[in-house]
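All remarks here apply to the structure that follows.
The values are calculated or read from the model by the stated rules, or taken from the named source; none is laboratory data. These numbers come from a predicted model, not from an experiment. Virtual Cβ from ideal backbone geometry, glycine too; neighbours counted across all protein chains shown. Note: areas computed on protein heavy atoms with side chains; ligands, DNA, RNA excluded. Shrake-Rupley method; radii C 1.70, N 1.55, O 1.52, S 1.80 Å.
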Amino acid sequence: MRHSRLASLLAPIAVAAALAVAAVTVAPIAGYAQVYHQSLLRVGDGQVRQIKLGLNKSMIVELPRAVREVMVSNPDQIDAVMQSATRAYLIGKNLGEANILFIDNAGNQVAVLEVTIERDLGALENLIARLIPGSRVHVETVGQNVVLTGSVPTPIDATRASEIVNSFLDSGASPTSNSAAGGGAAITINNSGSGATGGDEGSNRVINMITVEGREQVLLKVSVVEMERNVVKQLGVDLAALVNSGNFGFAALSALPYPINGAVGAAAGGLLGAGGLPGLVDSRPGAALAGAGWSSGTSHVDAVLRALEQNGLIHTLAEPNLTAISGETANFLAGGEFPIPVAQQLDQITVEFKKFGIGLSFTPVVMSEGLISLKISTEVSELSTEGAVVLRNISIPALKVRRAETAVELPSGGSIVIAGLLSDQSRQAISGYPGLKSLPVLGTLFRSRDFQKKETELVVLVTPYVVKPAARQQLARPDDGFAWASDVNSDLLGQMNRIYGRDPERAPVGNYTGDVGFIVE
């Protein structure tokens with residue numbers, strides 16, 4: 001772009017406007033070299049200078065001798081207007097790069113300016129330093145990208161710095177990823193919308209290379225506690241009768257079902273002697289049997305009372321503990337894998353393995369001093385015959401699973417119940433002869449009662465801790481102080497191992513009283 005001297009004579013009004021928006025020099029943050037956008041630049045004869053100019057900011061350039069022509073490589077990025085023969089002023093219009101050539105009356109080069117137009121982010125650095133205490137963040141631009149360097153106390157501070165920059169750039173979109181926590185450089189690229197500022201086009205990217213000063217580690221303690229109680233009650237009478245009187249005969253046989261829990265008891269025929277009840281043979285032991293019979297000639301009547309009352313109690317406790325760096329995911333599994341046959345083409349069968357046991361997966365993020373954000377997934381599973389299937393004489397077990405997945409925020413050392421279950425199921429069935437089973441008192445002889453009650457209470461508790469490394473001598477292993485018992489103690493006293501709680505030389509680290517450690521009674 002060429003500007004004649006006539007055009008330069010009309011510049012005083014533009015010069016006044018340019019000086020009104022001149023860039024203000026800000027104090028640099030300690031430890032970093034600040035790029036100053038000068039309002040006055042003096043150029044030597046024939047000198048080539050590289051300068052940075054703020055977007056929508058201006059700069060006055062003083063030249064060593066008179067200039068006749070000014071050439072701008074990219075007029076869309078920058079305006080260069082001559083105020084006098086030896087003074088010009090520049091105005092940054094859009095983000096980008098351009099060069100300016102100053103030519104004298106003889107056609108010789110007076111000076112060359114290589115100009116990079118970028119946002120003036122000095123005020124933004126001061127804003128971040130004020131909003132995030134203890135931070136030392138340096139902001140610089142590379143083309144249309146903004147690069148964050150420096151250090152912050154916590155990982156959440158790095159994310160907040162990115163959010164502040166995105167808001168400052170008026171990107172119109174929030175950050176899409178979190179800054180990784182660590183002592184090294186954590187790189188996060190936040191893609192924002194195409195919010196053009198000052199006329200630039202395209203999308204802005206914030207490249208977060210802020211270093212977190214402390215690699216904070218989080219220990220998560222999870223407790224899965226389950227109590228289950230089962231009550232089974234069964235009562236029924238089985239009858240077998242054969243009565244012959246002259247030419248008249250009567251026969252009756254009943255083996256009443258137990259539809260909820262199935263048949264119970266042992267072989268009933270042996271209890272009633274030779275006139276027992278053939279066919280009333282149950283496969284499951286456990287019921288109390290009582291029988292009575294009457295016999296006269298070829299006639300006999302036999303009855304068997306079957307009764308069962310069973311109480312069951314199940315206690316499940318799983319306490320997995322796992323430590324991870326803030327921002328990283330950790331996984332834990334204590335269990336195993338069981339094979340599952342999978343049918344393929346041409347009658348081929350392959351085997352796949354499915355995990356079961358005590359599993360824990362979590363991702364912690366230390367948001368501020370003592371406040372921890374957790375994404376947790378915990379599971380306790382075990383093999384079960386309930387729901388198992390049989391394919392081609394291959395039995396495939398089912399899994400009984402207790403699983404919880406959630407995201408919570410807790411202070412260090414605080415606990416919360418992330419899952420709870422209180423279940424109470426009752427089932428009852430009465431079977432018998434129609435009409436006769438409804439008779440009072442005597443109806444007991446003609447019916448069976450099957451009752452089942454199942455109560456379950458399940459609680460999942462989580463407790464995160466912000467932890468620091470400890471010296472090796474401060475830690476204790478499960479086998480510290482363990483020693484096998486001598487042959488004499490094993491043979492004469494039946495001991496499997498030494499009770500080292502009474503031996504101060506083999507006591508584990510810490511203050512303990514009484515017998516501790518591997519003690520087998």
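Under a 5 Å amide H cut-off, with hydrogens placed 1.01 Å from N, N74 pairs with N99 among residues at least 5 apart or on other chains. By the rule of a C-alpha distance below 25 Å, with chain neighbours fewer than 8 residues away ignored, the lysines paired with K454 are K233, K400.
The HN-Hα couplings worked out from phi for segment 44-52 by the Karplus form 6.51 cos²θ - 1.76 cosθ + 1.60 (θ = phi - 60°) are x, 5, x, 7, 10, 10, 9, 10, 10 Hz, whole numbers, x standing for Gly and Pro.
Once amide H atoms are placed 1.01 Å from N in the peptide plane, what residues at a sequence separation of 5 or more from G335, or on another chain, have their amide H within under 5 Å of its amide H? Answer set, sorted by chain and number: I358.
Could you state the accessible area per residue of segment 60-123 in Å², with a 1.4 Å probe and every protein chain left in place?
Result: 37 Å² per residue.
A simple rule links phi to the HN-Hα coupling: the Karplus curve 6.51 cos²θ - 1.76 cosθ + 1.60 with θ = phi - 60°, which for segment 216-233 gives 7, 10, 10, 9, 10, 10, 10, 10, 10, 10, 9, 10, 9, 10, 10, 10, 10, 10 Hz, with x for Gly and Pro. Here's how it looks for V43: its modeled amide H is under 5 Å from those of E62, which are all 5 or more places away or on a different chain. The overall shape of segment 348-461 is oblate: from the C-alpha gyration tensor, with semi-axes ordered a ≥ b ≥ c, the ratio a/c is 1.5 or greater and a/b is no larger than b/c.
For the peptides 380-391, 318-329, 156-167, what is the packing order when you average, over each peptide's residues, the other Cβ atoms within 10 Å and list the highest mean first?
Values: 380-391: 12.5, 318-329: 17.1, 156-167: 21.6.
Highest-to-lowest ranking by the protection proxy: 156-167, 318-329, 380-391.
Converting phi to 3J(HN,Hα) with the Karplus coefficients 6.51, -1.76 and 1.60 and the offset θ = phi - 60°, segment 429-443 yields 9, 10, 10, x, 6, x, x, 5, 5, 8, 5, x, 6, 5, x Hz in sequence order, with x at every glycine or proline.
Provide the FRET efficiency to the nearest 0.05 for the S295-L421 pair, computing r from the beta carbons and using R0 = 56 Å. It comes to 0.50.
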